[in-house]
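The values are calculated or read from the model by the stated rules, or taken from the named source; none is laboratory data. Computed from a prediction, not measured in an experiment: that's the story for all the values here. Using ideal geometry, Cβ is built from the backbone for each residue, glycine included, and neighbour counts are taken over all protein chains shown. Side chains included, ligands, DNA and RNA excluded: accessible areas come from the protein's heavy atoms. Shrake-Rupley method; radii C 1.70, N 1.55, O 1.52, S 1.80 Å.
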Amino acid sequence: MNQPDGPKPAQTWEPSRPTLLAAGLLSLWIVILSLPMLVGKFLGNPHNDQVIAGYAFRLWGATQWKTTGHVPLWNPEIFGGLPFVAAMHGDIFYPTAWFRLIFPTAQVMNLEFPVHYILAGLLVYALLRMLKTSWAGAVTAGLAYEMSGVIISYVAPGHDGKLFVTALLPLALIGLVLGIRDRRHEGYAVLALAVGLAMVSPQAQMTYYMLIVAGLFALYLTFGSGSAMPRKDQWMALGLALAAVLVGFGIG
């Protein structure tokens, strides 16, 4: 006896090259907003933190690094002498600092904003695709994340460290999905990398918030969302996540 057909699941549209098109859409609006830098202008408010102090710190640090061959530990030119590393003069160990050894400091400081905005959107898109969100939903979420008022406004006061950690948050969550849900150990390495980079961003306050969100998400993946892991495996997953965070602290 034939059974009546039940309701069919709704079909969602997806392009033939979903990731490529998503990258283009997530980059388009950031590139448009960044056009002033192509004519030699500095992004953000002309009186922001980068113009007043950040540029001088970064230029001096890059010059000393190239001259002496190592990161300077002491700056004798401020207040009769001030620690350079210990006083947290910006992204001294973050990867953006390496580019200042090759390219002009102002250009690198300009580029780090659009690059991290696009990275933030792409990582949110990747995270939601891993969570089985539709293509349109993941792209919309990526755009909403990178273009939300609190995030897109970081460029005005020159808060690059806040933007770095904002872009690293979805990377940490991706690591947790890979490690806890998919039980792939490389996920914990991704989590450690995200935490380590956040530690050297060096935006400590935003890193606190990132760790709180990551901790709650780890608990959700372990005990919620229909998890069927045995109790022993649940505690093992949380233990590995904590170990990854500690490795991230070690990087810092």
Scan of the stretch 186-220 for residues that are outside any helix (DSSP H, G or I) and within 11 Å of the chain's Cα centre (by Cα), ordered by number: Ser201
Any hit, the stretch 95-106, residues being in contact with a Lys or Arg (Cβ under 7 Å, 6 or more places away or on another chain), open to solvent by 30 Å² or more (accessible area, probe 1.4 Å) and over 22 Å from Ala198 (Cβ atoms): yes
Test result for Phe223, over 29 Å from Val85 (Cβ atoms), of a type in the set (Phe, Trp, Tyr) and buried (at least 18 other Cβ atoms within 10 Å of the Cβ): no
Test set (1) assigned to a helix (DSSP H, G or I); (2) more than 30 Å from Ser134 (Cα to Cα); (3) out of contact with any Pro (no Cβ under 6 Å at 6 or more places or on another chain) - Gln64 fails condition number: (3)
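Okay, residues lined up against (1) closer than 26 Å to Ser153 by Cβ; (2) of a type in the set (Ser, Thr, Tyr); (3) in contact with a helix residue (DSSP H, G or I) (Cβ under 6 Å, 6 or more places away or on another chain):
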| residue | (1), (2), (3) |
| --- | --- |
| Pro36 | yes, no, no |
| Gly40 | yes, no, no |
| Gly80 | no, no, no |
| Gly90 | yes, no, yes |
Of all residues making up the stretch 184-214, the number that are among the aliphatic types (A, V, I, L, M) and closer than 15 Å to Leu123 by Cβ: 10
Residue ID - surrounded by the most Cβ atoms within 10 Å (Cβ to Cβ), chosen from residues in the stretch 148-162 that are assigned to a loop (DSSP other than H, G, I, E, B) and touching a residue at least 12 places away in the same chain (Cβ under 8 Å): Gly158
Members of the stretch 65-76 found to be surrounded by 10 or more Cβ atoms within 10 Å (Cβ to Cβ) and in contact with a helix residue (DSSP H, G or I) (Cβ under 9 Å, 6 or more places away or on another chain), listed by number: Trp65, Val71, Pro72, Asn75
Test result for Thr207, in contact (Cβ under 8 Å) with a residue 24 or more places away in the chain, farther than 29 Å from His116 by Cβ and open to solvent by less than 70 Å² (accessible area, probe 1.4 Å): no
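Residue by residue, here is whether (1) on the phi > 0 side of the Ramachandran plot; (2) in a loop (DSSP other than H, G, I, E, B); (3) open to solvent by 60 Å² or more (accessible area, probe 1.4 Å); (4) at pLDDT 95 or above holds:
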residue	(1), (2), (3), (4)
Asn2	no, yes, yes, no
Ala10	no, yes, yes, no
Glu14	no, yes, yes, no
Met37	no, no, no, no
Leu43	no, yes, no, no
Tyr55	no, no, yes, no
Residue match in the stretch 175-182 (condition: of a type in the set (D, E, K, R) and either within 30 Å of Val85 (Cβ to Cβ) or modelled with pLDDT under 95 (or both)): yes
Inter-residue pairs, beta-carbon under 6 Å, first basic (Lys, Arg) and in the stretch 163-181, second open to solvent by 10 Å² or more (accessible area, probe 1.4 Å), 6+ apart: Arg181/Leu221
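In the list Ala243, Ala228, which residue meets the criterion of being surrounded by fewer than 19 Cβ atoms within 10 Å (Cβ to Cβ) and in a helix (DSSP H, G or I)?
Working: Ala228 fails: in a helix (DSSP H, G or I).
The match here is Ala243.
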